Amino acid sequence: MRDRRAAQESRRAREFEAFVAGAGGRLLHAAALLTGEPLTRDTADAQRLLNTALARTYARWDRLRGEDPYDRTRMELAALFARRGHHYRRPRGGALDRLTPRERLVLVLRLYEGVAEEQTAAALGLPVERVRAICTRAVSVMRSGVPRQPSPPRRGGTAASTPAGAAGAVP
């Protein structure tokens with residue numbers, strides 16, 4: 001019984017290693033785009049994000065049952081980034097620095113990974129129209145070449161609830 005279990009674990013490990021060897025580079029590139037790190041420098045945050053996504057995929061490896069492990073890992077990566085995106089707001093010198101974390105996530109899923117709008121919307125829990133609007137705005141920002149001004153920190157209210165004479169209000 002132990003021999004059979006050891007053989008299964010060995011097979012599982014070999015399959016997973018082969019998957020990571022084949023898909024790891026592209027997944028790391030996607031993670032670096034998400035975190036905003038240029039691939040020419042140390043990509044520690046991207047590697048941490050990817051390692052967590054790969055660990056979650058490995059934990060479910062035997063239960064994938066025909067599901068593409070790349071798709072599973074990509075969705076784990078997106079879910080992790082969606083929860084931790086606020087950690088990646090500071091400029092890091094990457095190509096997508098001008099975008100907000102949500103815009104980066106949508107742009108990477110839609111344009112770099114080629115995920116359909118419907119699948120992206122389902123993964124992020126957003127309406128398809130919202131995903132389309134975010135993607136359009138992100139592409140517009142990238143094409144303009146003008147760096148975005150950092151948004152001021154929120155203080156519990158919305159922009160609509162600020163008085164007209166408040167600092168930073170447009171005259």
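The values are calculated or read from the model by the stated rules, or taken from the named source; none is laboratory data. All figures in this text were calculated on a predicted structure; none of them were measured in a lab. No Cβ is skipped: glycine too gets one built from the backbone with ideal geometry, and neighbour counts run over all protein chains shown. These accessible areas exclude ligands, DNA and RNA; they are computed on the full protein's heavy atoms, side chains included. Shrake-Rupley method; radii C 1.70, N 1.55, O 1.52, S 1.80 Å.
In segment 1-99, which helices (runs of 4 or more DSSP H) lie fully inside it and hold 1 or more residues that are out of contact with any Phe, Trp or Tyr (no Cβ under 7 Å at 6 or more places or on another chain) and among the aromatic types (Phe, Trp, Tyr)?
Once the helices (runs of 4 or more DSSP H) in segment 1-99 are filtered for at least 1 residues that are out of contact with any Phe, Trp or Tyr (no Cβ under 7 Å at 6 or more places or on another chain) and among the aromatic types (Phe, Trp, Tyr), what remains is 2-35, 69-84.
Only residues that are of a type in the set (Gly, Ala, Ser) and either open to solvent by less than 40 Å² (accessible area, probe 1.4 Å) or within 11 Å of the chain's Cα centre (by Cα) (or both): list them for segment 62-115, please.
Result: Ala78, Ala79, Ala82, Gly85, Gly94.
Since Leu49 meets every condition but one in (1) free of Cβ contacts under 8 Å to residues at least 40 places away in the same chain; (2) open to solvent by 60 Å² or more (accessible area, probe 1.4 Å), which condition does it not meet?
Going through the list (1) free of Cβ contacts under 8 Å to residues at least 40 places away in the same chain; (2) open to solvent by 60 Å² or more (accessible area, probe 1.4 Å), Leu49 breaks only (2).
Run Ile134 past the list (1) farther than 30 Å from Arg14 by Cα; (2) touching a residue at least 40 places away in the same chain (Cβ under 8 Å); (3) open to solvent by less than 80 Å² (accessible area, probe 1.4 Å) and report the number of the one that doesn't hold.
Exception for Ile134: condition (2).
Within segment 116-126, track down each residue that is of a type in the set (Gly, Ala, Ser) and surrounded by fewer than 17 Cβ atoms within 10 Å (Cβ to Cβ).
Hits for segment 116-126 are Ala116, Ala122, Gly125.
Can you name every residue in segment 1-46 that is open to solvent by less than 50 Å² (accessible area, probe 1.4 Å), closer than 20 Å to Arg89 by Cβ and among the aliphatic types (A, V, I, L, M)?
Ala30, Ala31, Ala32, Leu33, Leu34, Ala44, Ala46
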